[in-house]
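Only one structure is covered here, and it is reproduced in the block below.
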Amino acid sequence: MTDIAIIGAGTAGLTAAIYARRAGMETIIFEAEAYGGQIINTPEIENYPGLMNISGYEFASRLYEQATSLGAKLEFDRIIAIEEKEDSSFCLKGTYGTSIDCKAVIIATGAKSRPMDIEGEEQLVGKGISYCATCDGAFYKGKTVAVFGGGNTAVEDAIYLADICEKVYIVHRRNEFRAEKSLTDTLFTKDNVVRMTPYIVSALKSDKRLTGIEVTNTADGSVKYIELDGLFVAIGQIPGNEEFKNLITLKEGYVAAGEDCLTDHKGIFTAGDCRSKKVRQLTTAAADGATAALAACEYLRLN
Ligand code: NAP
């Protein structure tokens with residue numbers, strides 16, 4: 001039986017694996033997509049202490065190497081159930097047939113891009129709509145695009161796209177941006193960036209591919225049409241922990257836990273963006289990973 005099973009190989013999950021392995025625990029990490037989590041989409045990390053000029057992809061690769069070189073195993077499967085057994089250990093079930101017994105679980109599932117929920121959105125993904133500027137930005141070289149959102153992700157995306165595209169609209173529902181001031185200051189030095197506030201994207205226009213968006217002013221209701229080649233959606237994240245609510249309490253979809261990373265179920269811990277918390281940063285994800293792993297190690301020593 002594995003000592004600690006970690007669900008999610010983002011910054012929190014991989015950090016937890018490093019700490020669990022250093023404490024000598026047999027550790028397995030399950031990842032549904034690619035290791036690294038959301039940070040792989042960040043072109044350049046500027047706010048992780050001690051690291052300058054590193055891309056999100058390189059950061060994630062180094063974390064992965066560190067965790068696996070210490071002996072953590074990584075398997076690809078989407079964990080869809082945690083079942084508790086009579087002896088208080090757990091069995092994790094995955095969509096590709098995983099069935100693994102473990103003594104403690106760390107949920108580090110992160111969060112996913114929030115969709116706009118506008119008619120036609122799903123059909124236009126990959127045909128003009130993207131949720132990842134660093135993945136898809138190169139397809140829009142010399143073209144006109146918009147970024148929807150006002151947080152760090154949206155503003156970072158718009159900065160990145162401004163260097164590739166001819167014109168970048170940034171559409172945000174309020175006049176004030178949620179993003180850090182240093183990022184908005186950089187964005188608005190770019191000549192090819194057009195600020196559209198306070199607006200939301202209210203409709204999509206297409207002819208096999210996206211051809212434009214309709215935007216609605218949130219203050220006066222007036223409507224404008226913008227011709228576009230691409231729309232990058234960055235309106236925040238949504239967690240995905242519904243499968244686990246048989247055993248743990250969720251708060252607005254996030255795993256309810258404090259800074260100690262303890263859930264309300266013995267033997268189940270949580271770390272990173274999937275946890276109910278105020279600050280979701282790379283630094284806090286790493287901190288959570290360490291806290292959750294050390295708490296799990298203590299639990300295993302005492303039980
Ligand atoms: P976020 O900070 O939650 O921002 C989401 C943005 O989308 C907000 O501006 C929000 O508007 C807007 N929004 C939300 N729902 C909307 C809707 N239904 N319609 C229209 N607009 C909507 O999300 P994020 O930018 O993806 O960042 C997630 C977390 O990762 C944050 O904690 C962020 O600081 C962190 N992050 C950090 C870095 C970095 O440190 N370099 C980079 C990327 C992300 P309002 O402002 O009006 O609520």
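Laboratory data are not the source of any read-out in this text; all were calculated from the coordinates shown. Note that the structure is predicted; figures quoted are calculated from it, not measured. A quick note on method: Cβ atoms are made from the backbone with ideal geometry, for glycine too, and the neighbour counts reach across all protein chains shown.
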Compute the long axis of helix 152-162 from its Cα atoms, compare it with the longest principal axis of the Cα atoms of the chain, and write down the angle in degrees, 0 to 90, nearest 10. 50 degrees
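Between residue 219 and residue 164, how high is the FRET efficiency from 1/(1 + (r/R0)^6) when r is the Cβ-Cβ distance and R₀ = 30 Å? Nearest 0.05.
Numbers: r = 31 Å, r/R0 = 1.04.
According to the calculation, E is roughly 0.45.
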Name the residues of the stretch 55-70 whose amide N is less than 19 Å from a point 7 angstrom out from the Cα of residue 186 along the C-beta direction? 55-60
Looking at the chain, what % of its DSSP beta bridges pair antiparallel, to the nearest 5? 45 percent
Residue by residue through the stretch 87-100, the couplings from Karplus 6.51 cos²θ - 1.76 cosθ + 1.60 with θ = phi - 60°, in Hz, x for Gly and Pro, are 8, 6, 7, 10, 10, 9, 10, x, 5, 8, x, 4, 8, 10
Please find, in a Gaussian network model of the chain (springs between Cα atoms separated by less than 10 Å), the residue of 13, 110, 151 whose mean-square fluctuation is greatest. 151
Sorted peptide list for 24-37, 87-100, 45-58, criterion being average Cβ within 10 angstrom, highest first: 24-37, 87-100, 45-58
Ratio Rg/Rh [Cα only; Rh per Kirkwood] for the stretch 91-145: 1.20
Net charge over other residues, Cβ less than 9 angstrom from the Cβ of residue 32 (K, R count +1; D, E count -1): -2
Checking every Cys Cβ in the chain against the others at 4.7 Å leaves as unpaired 91, 102, 165, 261, 274, 297
Under the Karplus curve 6.51 cos²θ - 1.76 cosθ + 1.60, θ = phi - 60°, whole-Hz ³J(HN,Hα) for the stretch 113-121, x wherever Gly or Pro sits: 4, 7, x, 7, 6, 10, 4, x, 4
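Output the relative contact order of the stretch 1-150, whole-number percent, from Cα pairs under 8 angstrom with separation of 6+ residues.
Numbers: 252 pairs, mean separation 39.2, N = 150.
Once divided by the residue count of the stretch 1-150, the mean separation gives 26 percent.
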For the pair residue 178 and residue 127, the simple spin-label estimate (label points 7 Å beyond Cα toward Cβ) gives in nm 3.0 nm
Using every Cα-Cα pair within the stretch 29-137, state what percent have a distance larger than 21 Å. 55 percent
With a point put 7 Å past each Cα toward its Cβ, work out how far residue 266 is from residue 119 in nm, to one decimal. 5.5 nm
Once amide H atoms are built 1.01 Å from N in the peptide plane, which residues 5 or more positions from residue 6, or in another chain, come under 5 Å H to H? 28, 29, 30, 106
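Would you mind computing Rg(Cα) / (2.2 N^0.38 Å) for the stretch 146-303, counting N as its residues?
Numbers: Rg = 20.3 Å, N = 158, 2.2 N^0.38 = 15.1 Å.
Ratio of Rg to 2.2 N^0.38 Å for the stretch 146-303: 1.35.
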I need the phi-derived Karplus couplings for the stretch 23-29: 6.51 cos²θ - 1.76 cosθ + 1.60, θ = phi - 60°, integer Hz, Gly and Pro marked x. 8, x, 8, 5, 10, 10, 10
Residues with amide H under 5 Å of residue 237's amide H, sequence separation 5 or more or different chain, H placed in the peptide plane at 1.01 Å from N; which? 114
Once amide H atoms are built 1.01 Å from N in the peptide plane, which residues 5 or more positions from residue 231, or in another chain, come under 5 Å H to H? 129, 130, 146
Provide the gained length on full extension for the span residue 245 to residue 211, in nm with one decimal, where the gain is 0.36 nm per separating residue minus the Cα-Cα distance. 8.1 nm
Take the alpha carbon atoms of the chain, find their radius of gyration, then divide it by 2.2 N^0.38 Å using N residues; give the quotient. 1.08
To test your reading of the geometry: what angle, between 0 and 90 degrees and rounded to tens, separates the Cα axis of helix 282-302 from the longest principal axis of the chain? 20 degrees
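Set the Förster radius R0 to 41 Å, insert the Cβ-Cβ distance between residue 203 and residue 141 as r into 1/(1 + (r/R0)^6), and round the FRET efficiency to 0.05. Walk me through the numbers before you get to the answer.
Working: r = 26 Å, r/R0 = 0.64.
The computed FRET efficiency comes out at 0.95.
Rounded to the nearest 5, what % of DSSP beta bridges with both residues in the stretch 58-180 are antiparallel?
Values: 9 of 15 bridges.
In the stretch 58-180, approximately 60 percent of DSSP beta bridges are antiparallel ones.
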